[in-house]
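A.B. asks: One structure, as structure tokens, below. Some questions next.
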Amino acid sequence: MRLAWIATALIFFCWEIHAHRVRRLPGPGTKEARRRLEILTLGRDFATLNLEYKVRGRDQVGRQSQTWVRFPGEWKVISAHVSWIDANALR
């Protein structure tokens with residue numbers, strides 16, 4: 001089961017995602033400006049999110065997707081994906 005794709009590394013397990021986040025430099029994050037956001041709800045207990053954004057300090061576009069499910073008392077992300085592409089590739 002693949003949970004996330006970050007830059008050039010596949011990350012499969014929650015502890016790998018945590019280790020990646022701990023290694024990141026502190027700061028305002030990678031999202032400079034939101035370009036597109038789509039949220040789709042299917043019933044009351046399931047939703048998907050797709051985000052396209054300008055990557056801070058780079059000529060790149062980022063894409064992020066999340067799948068959310070409502071469990072008793074809380075919403076949880078059950079699948080996520082993050083990737084970047086050179087902005088020139090989209091022109």
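The values are calculated or read from the model by the stated rules, or taken from the named source; none is laboratory data. Just so it is clear, the model here is predicted, and its values are computed rather than measured. Glycine also receives a Cβ, built like all others from the backbone with ideal geometry; neighbour counts cover every protein chain displayed.
A.B. asks: Within region 70-91, take every residue that is more than 16 Å from the chain's Cα centre (by Cα) and of a type in the set (A, V, I, L, M) and give me the one that is surrounded by the most Cβ atoms within 10 Å (Cβ to Cβ).
C.D. replies: Checked region 70-91; the qualifying residue surrounded by the most Cβ atoms within 10 Å (Cβ to Cβ) is ALA87.
A.B. asks: Only one of (1) aliphatic (A, V, I, L, M); (2) at pLDDT below 90; (3) over 14 Å from the mean Cα position of the chain (by Cα) fails for ILE17. Which number is that?
C.D. replies: Failed condition: (3).
A.B. asks: Something else now. Can you confirm whether TRP5 is of a type in the set (Phe, Trp, Tyr), touching a strand residue (DSSP E or B) at 6+ places or on another chain (Cβ under 8 Å), surrounded by 10 or more Cβ atoms within 10 Å (Cβ to Cβ) and modelled with pLDDT of 90 or more?
C.D. replies: Answer is no for this residue.
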